[in-house]
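The block underneath contains the structure these notes are about, expressed in structure tokens.
The values are calculated or read from the model by the stated rules, or taken from the named source; none is laboratory data. Here the structure is a predicted model, which is why all the values come from computation and not from measurement. With ideal geometry, Cβ positions are generated from the backbone for all residues, glycine too; neighbour counts draw on all protein chains shown. Side chains included, ligands, DNA and RNA excluded: accessible areas come from the protein's heavy atoms. Shrake-Rupley method; radii C 1.70, N 1.55, O 1.52, S 1.80 Å.
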Amino acid sequence: MKQLVFKKNQKINKKMIFVSKENLSHNYRQINKFSGNSKIISVIKGDGYGHGLLECCKILKTNKCKDFYVARLDDAIKLRENFKNINIYLLSGVISNNDLKEIKKYKIIPIINNVDQLSLLKTSQKLKYVLHIDTGMNRLGLQSSELEKYSNLIDKKNIIFLMSHLSSADDLKKNQSSKQLNKLIDVNKNFNLPLSIANSSGIFLGKRYHLNYVRPGKSLYGINPFYKKRFNLRQVMSIYSPILQVQNVRKGNSIGYSQTYKLKRDLKVATIDFGYSDGFLRSGSNKASVYIDKFQCRILGKVSMDLITIDVSKVPNNKLYLGKPVEIIGSNQRYERIAYKTGTNEHEILISLGRNLRKVYI
């Protein structure tokens, strides 16, 4: 990722999230190149995977992206209030007649997921929508068996494209993905419409999965679709937090709540201004690490609400001072590593860490 350079002895007095506009733009161009002639619908749900909904839309729009995908109506309305000339796709579709009014008012394209939602469209004969077919995810979407039974509710001329969602796109063996793709293509024999099935991992499964539209999410933000496989994607977010205290702790003492870490030798310990209120998962206690410059510093004891204690015994004294920036994620620590150490996936890491802190776009 773009290297952040702090000046010698520079201090920060608060936690800081940096979002690289250059890296987000780079990732979009890489995905666009890989996707060939397929149109990209950029997924910016979850507040742009924690990177900021409106800013991510603005950055991607400067790269000529005109299609965006969100999960909730509030986000769709917020996008429309800020951007007039884009297409906004809404995953949750319509839940009520009031939703339908808002969707029409703000010119939002709903994803229609089930028969009940199709029924709500009866009062809006000209509303354009995307029809979601469930091919094996069993989460949202119509079953293929329902299509003929409720054909009276489906107006093909109002459907922009058919979509489905891959349940196991990160499995390079492709067995489940291939079954789902074939099922969608088979359903389309009765529609002859454009198609979409590829999420981030699906895009990198190969050209066969690209179809007419691709929907990259995590790859936009630099998460590699497959473990230990790289596609020249750059990490977009980096987070730094200041040191609040440095002290020497003697062998036999414990650190943090519940005494979960007991020192087997003397250690130099620093406390940083970060915790689970900032989205750092408590499952990283005694497992995960952070970095001071190039020095890896293991977390000692339980992650508390606002504080994390780290081993800085190997860090030179001239790098240990009040306000010294400590890297939570960045050039030394990729999303994948911290996700592994906290027992979750990169999506949760980004959304959790990016939730409450002010972002600086560089």
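Things to note:
- Within the range 156-188, the set of residues being exposed (fewer than 15 other Cβ atoms within 10 Å of the Cβ) and farther than 17 Å from Arg208 by Cα comprises Lys156, Lys157.
- Look at (1) modelled with pLDDT of 95 or more; (2) farther than 30 Å from Lys58 by Cβ and you find that Tyr227 fails only one, number (1).
- Looking only at residues of the range 3-20 that are in contact with a Lys or Arg (Cβ under 9 Å, 6 or more places away or on another chain) and open to solvent by 80 Å² or more (accessible area, probe 1.4 Å), we find that the one that is modelled with the lowest pLDDT is Asn9.
- Members of the range 21-62 found to be surrounded by 19 or more Cβ atoms within 10 Å (Cβ to Cβ), within 20 Å of Leu91 (Cβ to Cβ) and hydrophobic (A, V, I, L, M, F, W, C), listed by number: Ile31, Ile40, Ile41, Val43, Ile44, Leu53, Cys56, Cys57, Leu60
- The residue that is farthest from Glu148 (Cα to Cα), counting only those in the range 172-204 that are among the charged types (D, E, K, R) and assigned to a helix (DSSP H, G or I), is Lys179.
- Strands (runs of 3 or more DSSP E) fully within the range 205-307 that include at least 2 residues being open to solvent by less than 80 Å² (accessible area, probe 1.4 Å) and of a type in the set (Ser, Thr, Tyr): 237-249, 289-292.
- Verdict on Lys359 being closer than 18 Å to Lys15 by Cβ, of a type in the set (Lys, Arg) and modelled with pLDDT under 95: yes
- Test: residue in the range 113-132 that is in contact (Cβ under 8 Å) with a residue 40 or more places away in the chain and open to solvent by 10 Å² or more (accessible area, probe 1.4 Å): no
- As a summary of the residue check, Leu350 satisfies the conditions (1) open to solvent by 50 Å² or more (accessible area, probe 1.4 Å); (2) touching a Gly at 6+ places or on another chain (Cβ under 6 Å) except for the one numbered (1).
- Just one of (1) in contact (Cβ under 8 Å) with a residue 24 or more places away in the chain; (2) more than 24 Å from Leu350 (Cβ to Cβ); (3) of a type outside the set (Ser, Thr, Tyr) fails for Lys173. It is (1).
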